[in-house]
Every structure is written in structure tokens, then in C-alpha cells.
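The values are calculated or read from the model by the stated rules, or taken from the named source; none is laboratory data. What you see is a predicted model, and the numbers here were worked out from it, not measured in a lab. Here the Cβ is made from the backbone with ideal geometry for all residues, glycine too, and neighbour counts use every protein chain on show.
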Amino acid sequence: MQCLLFILRKTYGYNKKTDSISLSQFVKATGINRGNTARAIKSLVSKNLVYVKRGSVKKDTTSVSKYRFNKRYGSWLTSVKKDTGSVNIDRRVVSKKTHTKDIIQKTDIPPLPPKPKKPKKKFLPPTKEQVVNYFIENGYDGLKGAEAFEFYNCADWFDSRGNKVKNWKQKMIGVWFKDKNKILQNNNGKSNGMTSGDIWIQQRREKENAKQ
């Protein structure tokens, strides 16, 4: 590099394209010994950084070469020397992701806690008294209520299809609250304690007795 700078100084520093420079001038200007100076100049020439026109050698005279800097950088033959020294190279894989401000802020935010699951309502089977009272309160025969309780209670509150009963009141309304299970009223609006099913059974018995 020192030799190249000296050539630039001797040429373009004096508004000249070429200049005759002896080897002793290079040594004096750069402070490098003659052997290293010659190798440095040879390296510049091999990389097309500098053009050299060798001077003619005459008797009792020394040869002085002319040097010119190559401004066409596209023709330069530069190469990077591999470092053969015993240098410990860290071969660990480095992530391509840079720790930008946005990434750091996102990773610092703690995750939201999971939404609590609603506890499932556990089915509590009713008592026989609750079922009978529910029938009576809605105008149905209490005996049918007792029958319905015994039907489901002995099956551990599974219906006829094998499905677990989840709402016993809804099951009573959908299955047992039929017109035949209603408590009938007399002309005075009072309950006679009989259901339509009881009346049907009574009428059938009367017909069978009349045939006999």
C-alpha cells in the first residue's frame, strides 16, 4: 500500500500520468528494505493496479522504470487471501432474526391466562316427594309422579333410550305431562281426584261388567 501511495504522489501529485522512479526512491520514501519493496511492486503489477515500463540498461548507468497508475478499476485483479493462521473460528449458528425493538417488546409481554372453563352442572336426582309435588303443582296426578320417580330411580336416572337424564323437570314435561295424567275437575271446578286414565279404566271395567 505504501508503494502504491508513493506512485500516486509522484504522478498525480505533480499532475503527471507517469514518472520515472528508482528502487532507491521507493526505499527512502517508504522505509521498506529493497527486497520487500521489489516484492510489493511486483504484486501491484500482477494485480493490474500499476503499469511499469522498464528502462533501458546502458553501460555505467542504472535502469529506472516508469510507473503509471491504472485508473480502470474494472481490470484490477484483486483477491482475498485466506488466513492460514491458527485462529479459533466460532462455527456456532447465529440466528438470522435480529433482536429488534418490536420483537423484544412482543416477547416481553406475558401470554394471556386461559379462559376459565365453566363448571358443568352436576345432576342431582330429585326425591320422590319433589317429583310428586311437581306433578300436583302442574295439575297432574301425584300417583303418576310417584310412578315416574320409580321408573327413573331404579334405572339410576337413565331414560328408556339409555340416555342420562340431565334435567328431570324437562323430562317430566316431555314424557309424563300428558292429558291422560291430568287430574280431572267436576262441574264445580273441584278436583275429583281422578285422572283421564283412571276414568278410561273405570269405563272399560263397566263395559266388561255389563257384558257379563
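Take Lys120 and tell me if it is of a type outside the set (Val, Ile, Thr), modelled with pLDDT under 90 and within 57 Å of the chain's Cα centre (by Cα).
Taking the combined requirement at face value, the residue satisfies it.
Taking the criterion of being on the phi < 0 side of the Ramachandran plot, in contact (Cβ under 8 Å) with a residue 12 or more places away in the chain and within 60 Å of the chain's Cα centre (by Cα), the residues of the stretch 1-57 that qualify are Gln2, Cys3, Leu4, Leu8, Ala40, Ile41, Leu44, Ser46, Lys47, Leu49, Val50.
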